[in-house]
């Protein structure tokens, strides 16, 4: 038995994976911002200091990073009394809904699957 691989198809799939992964990271960040769950005072942390880090995309990994110095303290202290004037749902642990057992636990997988389907033309 002989198996032949179509290099063009394999390259197309590999490129589709990377594009879909990058777009999934952007979709999570967009959803996070639109949900209004990040603490918001001046907007610097949410709008300018939070971004999709694609430095490891070739390893199949993207991350959402926040470089604001207060991010860790605010994230791990949901008991704080957060302002809700600009982000109605502001609080700590704003990524928890995206965890497997969270309200948006399937968001990442479903978004990636849909984007992948579009990329490969299915």
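Here, each number is a calculation from the coordinates, and none is a lab measurement. It should be emphasised that the depicted structure is a prediction, and the values quoted were computed from it without experimental measurement. Heads up, the Cβs are rebuilt from the backbone with ideal geometry, glycines too, and the neighbour counts pull from every protein chain shown.
For the range 87-122, the set of residues classified as in a helix (DSSP H, G or I), more than 14 Å from the chain's Cα centre (by Cα) and within 25 Å of residue 75 (Cα to Cα) is empty. Restricting attention to the range 66-97, the residues that are under 17 Å from residue 25 (Cβ atoms), surrounded by 13 or more Cβ atoms within 10 Å (Cβ to Cβ) and touching a strand residue (DSSP E or B) at 6+ places or on another chain (Cβ under 9 Å) total 2.
Please enumerate the residues belonging to the range 36-65 that are over 15 Å from the mean Cα position of the chain (by Cα), closer than 30 Å to residue 17 by Cα and exposed (fewer than 14 other Cβ atoms within 10 Å of the Cβ). Break it down into steps so the answer makes sense when it comes.
Of the range 36-65, the ones over 15 Å from the mean Cα position of the chain (by Cα) are 39-45, 48, 58-59.
So of that shortlist, the ones also closer than 30 Å to residue 17 by Cα come out as 45, 48, 58-59.
Selection gives 48, 58, 59.
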